[in-house]
1. Which ones in the stretch 205-240 are assigned to a helix (DSSP H, G or I), within 23 Å of Leu102 (Cα to Cα) and over 15 Å from the mean Cα position of the chain (by Cα)?
2. If we scan the stretch 172-186, do we find a residue that is free of Cβ contacts under 8 Å to residues at least 40 places away in the same chain, among the polar types (S, T, N, Q), at negative phi and assigned to a helix (DSSP H, G or I)?
3. Does the stretch 112-127 contain any residue that is surrounded by fewer than 16 Cβ atoms within 10 Å (Cβ to Cβ), over 28 Å from Leu242 (Cβ atoms), among the aliphatic types (A, V, I, L, M) and out of contact with any Asp or Glu (no Cβ under 7 Å at 6 or more places or on another chain)?
4. Of all the residues that make up the stretch 53-83, how many are surrounded by fewer than 16 Cβ atoms within 10 Å (Cβ to Cβ) and within 30 Å of Asn205 (Cβ to Cβ)?
5. Every residue in the stretch 188-215 that is in contact with a Leu (Cβ under 6 Å, 6 or more places away or on another chain) and surrounded by fewer than 16 Cβ atoms within 10 Å (Cβ to Cβ), please.
6. Looking at the stretch 201-238, which of its residues are polar (S, T, N, Q) and touching a Phe, Trp or Tyr at 6+ places or on another chain (Cβ under 8 Å)?
7. Please pick out the residue among Thr122, Thr97 that is free of Cβ contacts under 8 Å to residues at least 40 places away in the same chain and not aliphatic (A, V, I, L, M).
Amino acid sequence: MANWNDPQPGSGFGASPSLNGGAVGRADYDAGLRRHMLSIYNYMASGVLLSGVVAMLFARSGMAAQVFGTPLQWVIILAPLGFVLALSFGIHKMQTTTVQALFWAFCTVMGLSLSTIFLVYTDASIATAFFAAAASFAGLSLVGYTTKKDLTGLGTFMTMGVIGLIVATLINMIWPMPGLAAAIPFLGVLIFAGLTAYDTQRLKNEYAVLRGTDFAGKAVVMGALSLYLDFINMFQFLLSILGDRR
């Protein structure tokens, strides 16, 4: 996702922030950065947990089976996109509490949308795909956080890959092609793996610009949203590859 503030001189990817106070200033900056990133990960993990609980309860209640296959299913499927667009385009006009509320609402609606996986795949394969995605996400996020290499080019390439993935999916829906259908999940995993590393580095470097500003609280939520989408998409594509159908 795009940055919400223009980068300041010396605050780009891989650059060290200008600090006053030498070692003390550096220590304060590092402590603030850890708190900032930890807040993002806490929001992201809580969002994933909320979506998972909602998905499981909605499926187990039998309501998912009743809703999907009816026109209401499209409302549930498209609703998360509406929340993402509202947050992306209205972020500067919203209060931090509004942004937080919309994030939790998004995760809830996303859980309703994800409930179909419990109808299609076995519980064991869902668990396998989830833990595989979690391990992959943790490793890739660590790479993005620690690497000194500028991942901006990778992020641009992977963003273009997402567009290509959407186009390929639409083409396959209209003109089904077995080869393309088999390739899409593998491409999806690779694309969102790259975006996980890139987004982590982007969020880390944005802290130099955002710290101490009124936008910092909103940036935490939007950062969590970016990583949430990376994780959920990687999980779904892994489930398509590893999942056993009922």
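The numbers here are math on the coordinates, done by the rules we state, and not lab data. Remember, predicted model here, so these are calculated numbers, not experimental data. Note that we place each Cβ from the backbone using ideal geometry, even for glycine, and neighbour counts take in every protein chain shown.
1. Our first condition is that a residue be assigned to a helix (DSSP H, G or I); within the stretch 205-240, this holds for 205-210, 216-240.
Keeping just the survivors that are within 23 Å of Leu102 (Cα to Cα) gives 206-207, 210, 216-236.
Once the filter is applied, which keeps residues that are assigned to a helix (DSSP H, G or I), within 23 Å of Leu102 (Cα to Cα) and over 15 Å from the mean Cα position of the chain (by Cα), the stretch 205-240 yields Glu206, Tyr207, Leu210, Ala216, Gly217, Lys218.
2. Yes: one or more hits.
3. No, that holds for no residue.
4. 2
5. If the condition is that a residue be in contact with a Leu (Cβ under 6 Å, 6 or more places away or on another chain) and surrounded by fewer than 16 Cβ atoms within 10 Å (Cβ to Cβ), then no residue fits.
6. Initial filter on the stretch 201-238 (polar (S, T, N, Q)): 201, 205, 213, 226, 233, 236.
Residues satisfying the conditions are Gln201, Asn205, Asn233.
7. Details: Thr122 fails: free of Cβ contacts under 8 Å to residues at least 40 places away in the same chain.
Selected residue: Thr97, the only one of Thr122, Thr97 that is free of Cβ contacts under 8 Å to residues at least 40 places away in the same chain and not aliphatic (A, V, I, L, M).
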